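Here's the structure, in structure tokens; my notes come after.
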Amino acid sequence: MTTPVSAQTADLTPDPRPATRVSTASAWAVLIAGAVGLVASMTLTVEKIDLLLNPAYVPSCNINPIVSCGSVMVTPQASLLGFPNPLLGLVGFTVVLVTGVLAAAKVSLPQWYWMGLTAGVLIGALFVHWLIFQSLYRIGALCPYCMVVWVVTIALLVLSASIAFRSALKSVVPQALYQWRWSIAALWYTAVVLLIMVRFWDYWSTLL
């Protein structure tokens, strides 16, 4: 049977919204990061609810005077928009988790979607760094589950940006940034750890 010319022409028409190819490793990394972030956000939400219901409740992440979720949860910074911050994580990491599932299942997602996801993660990363500053220099306490979210958000920003902009890397500088992205992330993590060590050194030194 002869294929109609119109159908042949339609088949040859380029897709105006090309899909971005995602490696299996990157897809699973996005999925795992989304799952870890979602679990951390859910745990924080449950702990916050327990604390609201019972002000005498001691969260499971209260480990010592410095590493203490309870000290962070009762501050205004923990509800910046008028509701607990972990609720933002529930929404955001659910989107990331679903994206990871689709990518791992080899479902093609357009580049604009990955660029939008990267923009969302960037906003989340900026918020996370504001929270890091508040935790270190205003509240004076660290929330373990929050720190999990910090780690995951930075990793997600590197991952999503790598996926979204890999095909757009033309010049030498962007290519170098792409090739060294995980080294940059490692330095990023190291800087945060050093800030934590310096800020609370008076306490850490008593444990040595």
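Quick rundown of the values:
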| read-out | value |
| --- | --- |
| Dipole magnitude of the chain about its Cα centre (Cβ charges: Lys, Arg +1; Asp, Glu -1), debye to nearest 20 | 380 debye |
| Over the range 122-208: Rg over Rh, Cα atoms, Kirkwood Rh | 1.08 |
| Max mean-square fluctuation residue, GNM over the chain, Cα-Cα springs under 10 Å, options V193, V22, V151 | V193 |
| Among G89, S23, I66 - extreme Cα towards positive end, dipole of the chain, charges at beta-carbon | S23 |
| Accessible-area composition of the chain, carbon plus sulfur, in percent [1.4 Å probe] | 72 percent |
| Per-residue [θ]222 nm for the chain (sum of -39500 (n - 2.57) over DSSP H runs n ≥ 4, rounded to 500) | -22500 deg cm²/dmol |
| Per residue, in Å², the accessible surface of the range 24-206 once ligands and nucleic acids are set aside, probe 1.4 Å | 53 Å² |
| Square roots of five times the Cα gyration tensor eigenvalues for the range 9-132, Å | 38, 14, 12 |
| Helix axis angle, 111-134 relative to the chain longest principal axis, alpha carbon, degrees | 10 degrees |
| In the range 104-200, trypsin sites (Lys or Arg not before Pro) in a DSSP loop with at most 14 other beta-carbon atoms within 10 Å | K106, K170 |
| Stokes-Einstein diffusion coefficient of the chain, Kirkwood radius over Cα pairs, 37 °C, 0.692 mPa s, in µm²/s | 170 µm²/s |
| Listed residue (A78, V36, I49) projecting farthest to the positive dipole end of the chain, Cβ model | V36 |
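The values are calculated or read from the model by the stated rules, or taken from the named source; none is laboratory data. Predicted, not measured: the structure shown is a model, and the values here were computed from it. Using ideal geometry, Cβ is built from the backbone for each residue, glycine included, and neighbour counts are taken over all protein chains shown. Heavy atoms of the whole protein, side chains included, go into the accessibility calculation; ligands, DNA and RNA do not. Shrake-Rupley method; radii C 1.70, N 1.55, O 1.52, S 1.80 Å.
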